[in-house]
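> Quick one: this structure, given as structure tokens, is what I'll be asking you about.
The values are calculated or read from the model by the stated rules, or taken from the named source; none is laboratory data. In this text, all values refer to a predicted model and were calculated from it rather than measured experimentally. Neighbour counts run over all protein chains shown; Cβ positions are idealised from the backbone, glycine included.
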């Protein structure tokens, strides 16, 4: 239960806008030379742009569970896209309403089921994992199956409309309507007092299928798009973890040629611009209602997308394109037109909401690993080189658990049981040169490894990996066993509310 003593004299409303699979590099304000995101750029220009933001896990279900609870994936055991949050441990969607504040979700939640005690005062057109079960093949580890969902990704290249673009349009319209209604009839608590509210608007695009509405696809010429950086086959063949990943995740092989790939990238760009347009409509609704002066807006995504870089499409890796996320914060008491290099995470959202609503954290919430973004925004130090951000991955394509630690200029990637990677993100933002074997960086490698182990203590990478695999194995047995699951058509994305699960072989 949250303490209710106010920390601030005038707590504010908060709008969280989350898209799905938005690479942090695909923004005008991030310096991308082609992607058009005028609304997000304006949001950043009038607020704070975090240039080193990360997901707690580069996969939908674990990332969203971590966002809801404010805890690391290994603390809540939501390992992959089949083991979803079911309301335990409790997070801000339950705790904020219990403290008398009003919370609303519109759109994708990706929890287990509507029947679970997942909180919110209102849940509008929520999406959860497919059939309450999700994507079971991703739980089959460490003997990884060959995954053929990538064929459908390559076949569905647009332009065009999909159930996801239609869903996002509906989410946006409902959000605009809710904001207009909140201005006329703001939420009140049981005592009749007007209370601050949190509106969580969660859309899907630019998540695949890579089929952008035509007006947004037409913003880009596929012939002018550069092919992403190529795969390093020599390195892949020398690293067993990466060998297993590429034998399991087969997206790139289904593209016919580079022209096909360019068209895929152009559609992703179009979907980013489509998402930006939806964000613009929501911001306009806040401005038109007069609520913008009372409302902070946080824009982010659950994870990124490799988008063909190194021959990888989708998420599941610790590369910046996948583990990185966009994050923009705007509104009352937020500095304007600044870029903050201090690494941040989706785990910072829960403490931020407490801060925005003027709430004290109780003892349990005081142990959350995140920090309020308001505190980070308003410190004079815009680059805390000592702050450590952790991400982890235990899903499809991973023969063992992967852990990423970002600290200052450095990114350390721990592949449980295999050789690590080390990158200087400031000098090598494209992560081309792995420094882990360079003796000149042995001390840095050892220090970051020690930092990772301390952050995970009393657990270790090995013990977390073993726990994840044991729970995934039990989950597979519960749902019929490996052979049965591999004999079923593979799920290709979660269905929109009222829709049917799409399977590859149907």
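> I'm trying to understand the selection: among the residues of the range 174-188, which are part of a helix (DSSP H, G or I) and in contact (Cβ under 8 Å) with a residue 40 or more places away in the chain?
174, 175, 176, 178, 179, 180, 182, 183
> Another question about this same structure. Can you go through 4, 15, 73, 35 and tell me which one is in contact with a strand residue (DSSP E or B) (Cβ under 8 Å, 6 or more places away or on another chain), over 30 Å from residue 469 (Cα atoms) and modelled with pLDDT of 95 or more?
That would be 15, the only listed residue that is in contact with a strand residue (DSSP E or B) (Cβ under 8 Å, 6 or more places away or on another chain), over 30 Å from residue 469 (Cα atoms) and modelled with pLDDT of 95 or more.
> Pick from 389, 464, 444: which is closer than 23 Å to residue 54 by Cβ, touching a residue at least 24 places away in the same chain (Cβ under 8 Å) and surrounded by fewer than 20 Cβ atoms within 10 Å (Cβ to Cβ)?
444
> For the range 359-388, which positions are part of a helix (DSSP H, G or I), under 22 Å from residue 73 (Cα atoms) and at pLDDT 85 or above?
373
> Looking only at the range 41-60, decide whether some residue is at pLDDT below 95, in a loop (DSSP other than H, G, I, E, B) and closer than 30 Å to residue 182 by Cβ.
No: the range 41-60 contains no residue that is at pLDDT below 95, in a loop (DSSP other than H, G, I, E, B) and closer than 30 Å to residue 182 by Cβ.
> Condition first: assigned to a loop (DSSP other than H, G, I, E, B) and surrounded by fewer than 19 Cβ atoms within 10 Å (Cβ to Cβ). Now tell me which residues in the range 143-158 satisfy that.
Residues satisfying the conditions are 143, 144, 145, 146, 148, 156.
> Right, here's the next one. Residue 201 - would you say it is within 30 Å of residue 374 (Cβ to Cβ) and surrounded by 23 or more Cβ atoms within 10 Å (Cβ to Cβ)?
yes
Rundown of residues vs (1) modelled with pLDDT of 95 or more; (2) within 30 Å of residue 67 (Cβ to Cβ); (3) not in a strand (DSSP E or B), yes/no style:
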residue	(1), (2), (3)
190	no, yes, yes
198	yes, yes, no
203	yes, yes, no
211	yes, yes, yes
216	yes, yes, yes
220	yes, no, yes
227	no, no, yes
231	no, no, yes
242	yes, yes, yes
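> Those residues that are in a helix (DSSP H, G or I), under 21 Å from residue 60 (Cβ atoms) and in contact with a helix residue (DSSP H, G or I) (Cβ under 8 Å, 6 or more places away or on another chain), I need them from the range 91-111; list them, please.
92, 93
> Using the structure shown, decide if residue 114 is within 19 Å of residue 491 (Cβ to Cβ), part of a loop (DSSP other than H, G, I, E, B) and free of Cβ contacts under 8 Å to residues at least 60 places away in the same chain.
In short, yes.
> Going residue by residue through the range 266-288, is there one that turns out to be farther than 22 Å from residue 36 by Cβ, at pLDDT 95 or above and surrounded by fewer than 20 Cβ atoms within 10 Å (Cβ to Cβ)?
Within the range 266-288 (the criterion being farther than 22 Å from residue 36 by Cβ, at pLDDT 95 or above and surrounded by fewer than 20 Cβ atoms within 10 Å (Cβ to Cβ)), the answer is yes, since at least one residue qualifies.
> Does residue 304 meet the test of being surrounded by 21 or more Cβ atoms within 10 Å (Cβ to Cβ), under 19 Å from residue 397 (Cβ atoms) and touching a strand residue (DSSP E or B) at 6+ places or on another chain (Cβ under 8 Å)?
yes
> Which condition does residue 31 not pass, out of (1) under 16 Å from the mean Cα position of the chain (by Cα); (2) part of a loop (DSSP other than H, G, I, E, B); (3) surrounded by fewer than 24 Cβ atoms within 10 Å (Cβ to Cβ), if it passes all the others?
(1)
> Which residues, counting only those in the range 334-348, are surrounded by fewer than 23 Cβ atoms within 10 Å (Cβ to Cβ) and in contact with a helix residue (DSSP H, G or I) (Cβ under 7 Å, 6 or more places away or on another chain)?
334, 335, 337, 342
> Check residue 175 against each of (1) surrounded by fewer than 19 Cβ atoms within 10 Å (Cβ to Cβ); (2) farther than 27 Å from residue 490 by Cα and name the one condition it does not meet.
Status for residue 175: all satisfied but (1).
> Just the residues that are in contact with a strand residue (DSSP E or B) (Cβ under 6 Å, 6 or more places away or on another chain) and either surrounded by fewer than 23 Cβ atoms within 10 Å (Cβ to Cβ) or free of Cβ contacts under 8 Å to residues at least 24 places away in the same chain (or both), please, taken from the range 349-386.
If the condition is that a residue be in contact with a strand residue (DSSP E or B) (Cβ under 6 Å, 6 or more places away or on another chain) and either surrounded by fewer than 23 Cβ atoms within 10 Å (Cβ to Cβ) or free of Cβ contacts under 8 Å to residues at least 24 places away in the same chain (or both), then 358, 377, 382 are the ones that fit.
> Does the range 47-87 hold any residues that are without any contact (Cβ under 8 Å) to a residue 24 or more places away in the chain and either closer than 20 Å to residue 374 by Cα or surrounded by fewer than 24 Cβ atoms within 10 Å (Cβ to Cβ) (or both), and which are they?
75, 76
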